[in-house]
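One structure below.
Bear in mind these aren't lab numbers, they're just calculated from the coordinates by the rules spelled out. Note that this is a predicted model, so its numbers are computed, not measured. Here the Cβ is made from the backbone with ideal geometry for all residues, glycine too, and neighbour counts use every protein chain on show.
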Amino acid sequence: MGLGDVLFGRKKLKGAKLDKLFALSTAQVTLESELGLKSSGAAAVVFKPLSAGEFARAEQELDELLGVAAQSSGSEVRRRSDSYGFQWLVIRDPDFEDLVTTVHLVSSELDARGFGEQLLAALFPFEGKDRRVNVVYGFKLGTFWPFIPTGSNKERDNAEEMRLKNELEQELPIEPDLERWLGLFDAPLD
């Protein structure tokens, strides 16, 4: 942050931290074999909407990016919006390694094209015997956290999230500040 930013109250947003995303690939063994959670075959990258000027430039770049990501990985990549106006890039691939790699590729390309400050999180849904469990990666923090919606009134299963935190903290850099565990309700994964 420069002197002008301090004087005029502007803050520079943190860029994306992409380096720890691949830790999820190694944690998949624990998620599947020890916790009984299998990847749903989908993931998503969510980012803040852009200003009108940025959006015009980014629209074409995003379409190019989706084409490159799909071609290089074989994954299906689609763009969606949610009810809050956030943009989602939804990735589908039955191979979990390819899924994580494509999320990293999409995020890296957005960062390289100057949109790293807009990146918020990546969402990885897993299916269990009787529940859906999400693992979220926060781009600004470079950390993971579990997110388990109960399906009613935007509530979460905090006890199960804490149990998963304890199970996964040896495998993943888990966000220590529980107040930063963003709930990604109503993610447009369909």
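Per-structure values
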| read-out | value |
| --- | --- |
| In sequence order, calculated HN-Hα J values of the stretch 87-95 (Karplus, 6.51, -1.76, 1.60; Hz; x Gly/Pro) | 9, 10, 9, 9, 10, 10, 6, x, 8 |
| Segments 96-109, 76-89 sorted - mean Cβ within 10 Å per residue, highest first | 96-109, 76-89 |
| Sequence-distant residues sharing a close amide H with PHE139 (under 5 Å, placed H) | ALA121, ALA122 |
| Normalised contact order of the stretch 127-176, rounded percent, pairs of Cα under 8 Å and 6 or more residues apart | 31 percent |
| Percent RCO, i.e. relative contact order, over the stretch 31-190, from Cα pairs under 8 Å lying at least 6 residues apart | 23 percent |
| Neighbour-limited loop hits for trypsin sites (Lys or Arg not before Pro), the stretch 117-170 (at most 12 other Cβ within 10 Å; DSSP other than H, G, I, E, B) | LYS129, LYS154 |
| Theoretical FRET efficiency, 1/(1+(r/R0)^6), r = Cβ-Cβ of ASP190 and GLN170, R0 30 Å, to 0.05 | 0.35 |
| Cross-link reach list, aspartates and glutamates versus LYS140, counting only Cα pairs under 15 Å and skipping chain neighbours closer than eight places | ASP19, ASP111, GLU117, GLU175, ASP177, GLU179 |
| Among the listed pairs LYS129/LYS165; LYS20/LYS129; LYS17/LYS154; LYS38/LYS165; LYS20/LYS154, those beyond 25 Å (Cα-Cα) | LYS20/LYS129; LYS17/LYS154; LYS20/LYS154 |
| Net dipole in debye of the stretch 146-187 [+1 Lys, Arg Cβ; -1 Asp, Glu Cβ; about Cα centre; nearest 20] | 100 debye |
| Whole-Hz couplings from phi, Karplus 6.51/-1.76/1.60, listed for the stretch 116-127; x for Gly and Pro | x, 5, 7, 5, 9, 7, 10, 10, 10, x, 10, 9 |
| FRET efficiency, ARG132 to SER72 (Cβ-Cβ, R0 45 Å, nearest 0.05) | 0.95 |
| Total formal charge among the other residues, if their Cβ is under 13 angstrom from that of LEU99, Lys/Arg +1 and Asp/Glu -1 | -3 |
